[in-house]
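Peer 1: First the structure, which I've put down as structure tokens, then a few questions once you've had a look.
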Amino acid sequence: MRDAFGGAFMIKLFLVFIAIYIGFTAVALNYAKAFKVKNKIIEYLESSEISNLDDIDADQMLAMQDFIDREILGNMNYNVNYLNICQNIDTEDDFGNTIAICHNSGIVIEEIEKATNTEGVYYRVSTYVGWSIPFLNNLLALNGNNAKRAVPVGVWQISGETRLIVNG
């Protein structure tokens, strides 16, 4: 009887460690994907030389939307729309000028600094990784405590800045 209990305990312990390993691997892969998306958006902004979010014309906006839809949402399969990132971002300043673009997929492009000696601008690009641990409540329920708990969730922001983009 003692050997059967020890074997069952070891199997449960092994399954817990496998679940933790899979969870860390999933978070690491999503984190790496968010870094790649941030780098692609920075590369696009620098190559397109978009120097003013307020005066961006319709063709440039459509091209950027098409790039995000095709490359980011399509090829890279990045979408953290469930986090509702855009509702907490101010996209205009007090004078009605556009200072940020928040795409529904969870990509935020914000103007952070105008260069003082040139007609240039720096942008900060932010992407997000969301995580939740719903199986943690199941593990706690094995202890006999069946109280309802909120699922632990969180959001990590990954940010990067462009080089100086000069109005050409």
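The values are calculated or read from the model by the stated rules, or taken from the named source; none is laboratory data. A quick note: this is a predicted structure, and the numbers were derived from the prediction, not measured. No Cβ is skipped: glycine too gets one built from the backbone with ideal geometry, and neighbour counts run over all protein chains shown. Calculation scope for accessible area: heavy atoms of the full protein, side chains included, ligands and nucleic acids excluded. Shrake-Rupley method; radii C 1.70, N 1.55, O 1.52, S 1.80 Å.
Peer 1: Would you be able to say whether some residue in region 29-36 is modelled with pLDDT under 90, buried (at least 16 other Cβ atoms within 10 Å of the Cβ) and either within 16 Å of Glu111 (Cα to Cα) or of a type outside the set (Lys, Arg) (or both)?
Peer 2: Yes, region 29-36 contains at least one residue that is modelled with pLDDT under 90, buried (at least 16 other Cβ atoms within 10 Å of the Cβ) and either within 16 Å of Glu111 (Cα to Cα) or of a type outside the set (Lys, Arg) (or both).
Peer 1: Can you say whether Asn39 is at positive phi and of a type in the set (S, T, N, Q), as far as the supplied structure shows?
Peer 2: Working: at positive phi: no; of a type in the set (S, T, N, Q): yes.
Answer is no for this residue.
Peer 1: Counting only residues that are assigned to a helix (DSSP H, G or I) and not aromatic (Phe, Trp, Tyr), how many does region 41-71 have?
Peer 2: From region 41-71, those assigned to a helix (DSSP H, G or I) are 41-48, 58-71; that's our starting set.
After this cut, where a residue has to be not aromatic (Phe, Trp, Tyr) as well, the list is 41-43, 45-48, 58-66, 68-71.
Qualifying residue count for the region: 20.
Peer 1: Any residue at all in region 125-134 that is surrounded by 14 or more Cβ atoms within 10 Å (Cβ to Cβ) and either modelled with pLDDT under 70 or among the charged types (D, E, K, R) (or both)? Working first, answer last.
Peer 2: Quick first cut of region 125-134, residues surrounded by 14 or more Cβ atoms within 10 Å (Cβ to Cβ) only: 125-131, 133.
Right, trim to either modelled with pLDDT under 70 or among the charged types (D, E, K, R) (or both) and you get none.
Taking every residue of region 125-134 in turn, none turns out to be surrounded by 14 or more Cβ atoms within 10 Å (Cβ to Cβ) and either modelled with pLDDT under 70 or among the charged types (D, E, K, R) (or both).
Residue-by-condition table, conditions (1) modelled with pLDDT of 85 or more; (2) open to solvent by less than 60 Å² (accessible area, probe 1.4 Å):
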{"site": "Ala58", "(1), (2)": "no, no"}
{"site": "Phe67", "(1), (2)": "yes, yes"}
{"site": "Glu71", "(1), (2)": "yes, yes"}
{"site": "Leu83", "(1), (2)": "no, yes"}
{"site": "Cys86", "(1), (2)": "no, yes"}
{"site": "Asp90", "(1), (2)": "no, no"}
{"site": "Gly96", "(1), (2)": "no, yes"}
{"site": "Ile99", "(1), (2)": "no, yes"}
